[in-house]
1. For chain A, what proportion of DSSP beta bridges, expressed in % and rounded to the nearest 5, is antiparallel?
2. Can you tally the net charge around A:Glu79? Count Lys and Arg as +1, Asp and Glu as -1, for every other residue whose Cβ sits under 14 Å from the Cβ of A:Glu79.
3. Are there any GluC sites (Glu not before Pro) in region B:244-350 that are in a DSSP loop and have at most 14 other Cβ atoms within 10 Å? List them by number.
4. Just tell me which lysines come within less than 26 Å, Cα to Cα, of A:Lys331; anything on the same chain fewer than 8 places away is out.
5. Which entries of B:Lys206/B:Lys279; A:Lys285/B:Lys206; B:Lys57/B:Lys112; A:Lys124/B:Lys258 show an alpha-carbon separation above 28 angstrom in the structure shown?
6. As a test, work out the antiparallel percent of DSSP beta bridges whose residues both lie in region B:63-188, rounded to the nearest 5.
7. Output, in nm with one decimal and in ascending order, the distances from the A:Leu127 label point to the matching label points of the other copies (7 Å from Cα along Cα-to-Cβ).
8. So in the protein assembly as shown, what percent of DSSP beta bridges are antiparallel if you round to the nearest 5?
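Derivation of every value follows stated rules applied to the coordinates shown; laboratory data play no part. Because the structure is predicted, anything quoted here is derived from the model rather than measured. As a convention, Cβ positions derive from the backbone with ideal geometry for all residues, glycine included, and neighbour counts pool all protein chains shown.
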There are 2 protein chains.
Amino acid sequence: MIEESEALEKVLTSTPLPVERDIPVSESVGRFLVRDARSKTNLPQVCQSSVDGYAVKVSKCRENLSRLRVIGQSVAGVECDACIEHGEAFRVFTGSELPMGANAVIKQEDVKVLSDRLILIKKKAELNDYVRRVGEVLTKGQRISNKGSCVKSSTLGSLIAGGISEVKVGSFPSIGIITTGDELIHEEQKQIKCHQTYDSNGLMLKAAAVKVGVEKIEIKRTRDDLGEISAEVLKMEQWADIIIVVGGMSVGERDFSKVALKECGVKQIFWRVRIRPGKPIFYGKFGESCQIFGLPGNAVSAFVCFHLFVLPAMRLRSGASADGVKLDQMKAIAGSSFKNSDNRPHYVHGKFREGKFHSIGNQNSNNLLALSQADSLLRLDERSSIQFGDLVTVFRLID
Amino acid sequence: MIEESEALEKVLTSTPLPVERDIPVSESVGRFLVRDARSKTNLPQVCQSSVDGYAVKVSKCRENLSRLRVIGQSVAGVECDACIEHGEAFRVFTGSELPMGANAVIKQEDVKVLSDRLILIKKKAELNDYVRRVGEVLTKGQRISNKGSCVKSSTLGSLIAGGISEVKVGSFPSIGIITTGDELIHEEQKQIKCHQTYDSNGLMLKAAAVKVGVEKIEIKRTRDDLGEISAEVLKMEQWADIIIVVGGMSVGERDFSKVALKECGVKQIFWRVRIRPGKPIFYGKFGESCQIFGLPGNAVSAFVCFHLFVLPAMRLRSGASADGVKLDQMKAIAGSSFKNSDNRPHYVHGKFREGKFHSIGNQNSNNLLALSQADSLLRLDERSSIQFGDLVTVFRLID
């Protein structure tokens, strides 16, 4: 049995480097950049007005002129090759290129239009008023996003504005899920016998993995049968980057998964981690690239182990930085007191409501109903307690 | 100009009811239930063992027997129609059905196997030890998820385990986005002229909307041209549930969008909301069903307005409960002091790191680079301040 931190370290250090690929920037949301993304252009590329008004030339040594001749206009999206002098003004709009010589814009609210060609300035203009300088938003070559960061919708905005049409990202892993158990039946089967159970782990883990990002994902169900499990693992090893085997990870007479993995030639890296739930988790590798996780069959254990160990591996091989592989954290106020008298750290599942973290129902590892309402995990160290009202850090579960 | 809360209220009360549809439960993640989901089965359906061990019959009035005859075994997934009496035991495994008469399980660690047919009990068993009672996890008819709640990966687990193969959910809306501006060019265009800008708003909003959930989504780009904008709006109105027009929402000579919407026959519900950024936001309707949002063209304003007004409408018409349409909240510690001396509430964009909220760069509404690093919004009331170290509520931006 090893410590949780050591287990995670072993997972991360044995995770292969991301396979890089170029994709259109419009398809990059949710992916991790494997190169810094730098702007290819200045934004704006020319001096622009940030309001509707009049471009003017101001100078400290000259008296402010109150009447100006309007000698032309510039609109957004059209080049402006005019030039203005003192005493002249140019009609401009938000985003218009300023004419040469202009160094300030007066808002139209501060101007009285005397005629088509003449305006009266009601408010003194200062140098650079309402001027968007070249490269003010983005400078050519400026880093927009770091290598290892995740592209979000809002990141997309600046990548596109910076003229980036393709980005280099990590490929998402292909994932095979094997759920084991003689009692398991497919969710679409209408008739269930009293000794059977619908297999919920497979689709639950698939849904979470899809949210994290997968290239391909498949679920196979096997009976509690050494040969059947081994055969499925060997088939999946042909295409999967990560194989998740659910159930049969203990040492009972009817626990075949761990033996099956050994017989297939999986190299064990660890088995059993000092946490609750999830102690019987197994991790190993097939050759250099394929990672194998054996998760306990209880739904809560499987889901928690997925978050603690599989998700970081998925993110890392998708190109995330070391920081970015972790679960999302947030602060919360403990909605009740929590006590862990066990000698293993305990992950309590619960929900975050109006700033407070509340645990849900009993924390049995087969309490699916409680898990279904959970959106976060609170980690309780071994032999520790948290008081009602304490400020705590909680981890967000994948929606 | 109206208040933010009034504006949101107007959006929500004018949002059509969700269009209901039945979908396979496996495709329901991210969707909102429009009916309570209730378990169709007991889980477990029969009394089961929760460990590997021996099922026994215990009784208070009898002395505890230390030697028991093993009269059979029961494995998970196979019906058990045996019956045991005092003095007898039945080999069982995790998930095995218990034989009739059995009312406790002794863990195999607490048993010494004397022969194939005889065991020695090392530890006294109590009634119901390691027994999973019928319906302990889910009871037939029990509510698993409320109407209006979002199906998450973890919810999927209990829906499937409860024998639910189809769920009734709200349809996602179809969304049309129109970005306006003579200066805008498509992100894939390699050559950009100095007075042009890549259109980043379209794809940024599309990416965020896709994350929230859409049936169909399209972006059209138009010039600053009344006729062109109107024509596009009228075309989109044929299929879109929500139309988002970006840019041209002010009253300048070159602001055509609002006029175009009026000319198309859009009924204005509000225009201008007392917030920063995003004041010029427009909201209206086309007939009973089609909702039209006019967002300011500055990236930050557009993105903030999308979160404050469009996202709640999208979620509501997808079936979310009134509570569920809001932005996700979390607690944070203010990473610096914030002051809003303006007479409008201010949404500060920033990032949440290690429990602290930090604003990013200047808060200009065209500061795309700052927005690209933001993951959350802090709302500062008008004429208010927040001190470094204060516990604050922040709103999560769509990734």
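1. Antiparallel bridges make up about 65 percent of those DSSP assigns within chain A.
2. -3
3. When the GluC sites (Glu not before Pro) of region B:244-350 are filtered for loop state and at most 14 Cβ neighbours within 10 Å, B:Glu253, B:Glu288 remain.
4. Filter leaves A:Lys152, A:Lys211, A:Lys339, A:Lys351, A:Lys356, B:Lys152, B:Lys211, B:Lys326, B:Lys331, B:Lys339, B:Lys351, B:Lys356.
5. Working: B:Lys206/B:Lys279 21 Å; A:Lys285/B:Lys206 39 Å; B:Lys57/B:Lys112 18 Å; A:Lys124/B:Lys258 31 Å.
Going by Cα-Cα distance, A:Lys285/B:Lys206; A:Lys124/B:Lys258 fall outside the 28 Å limit.
6. 60 percent
7. 9.2
8. 65 percent
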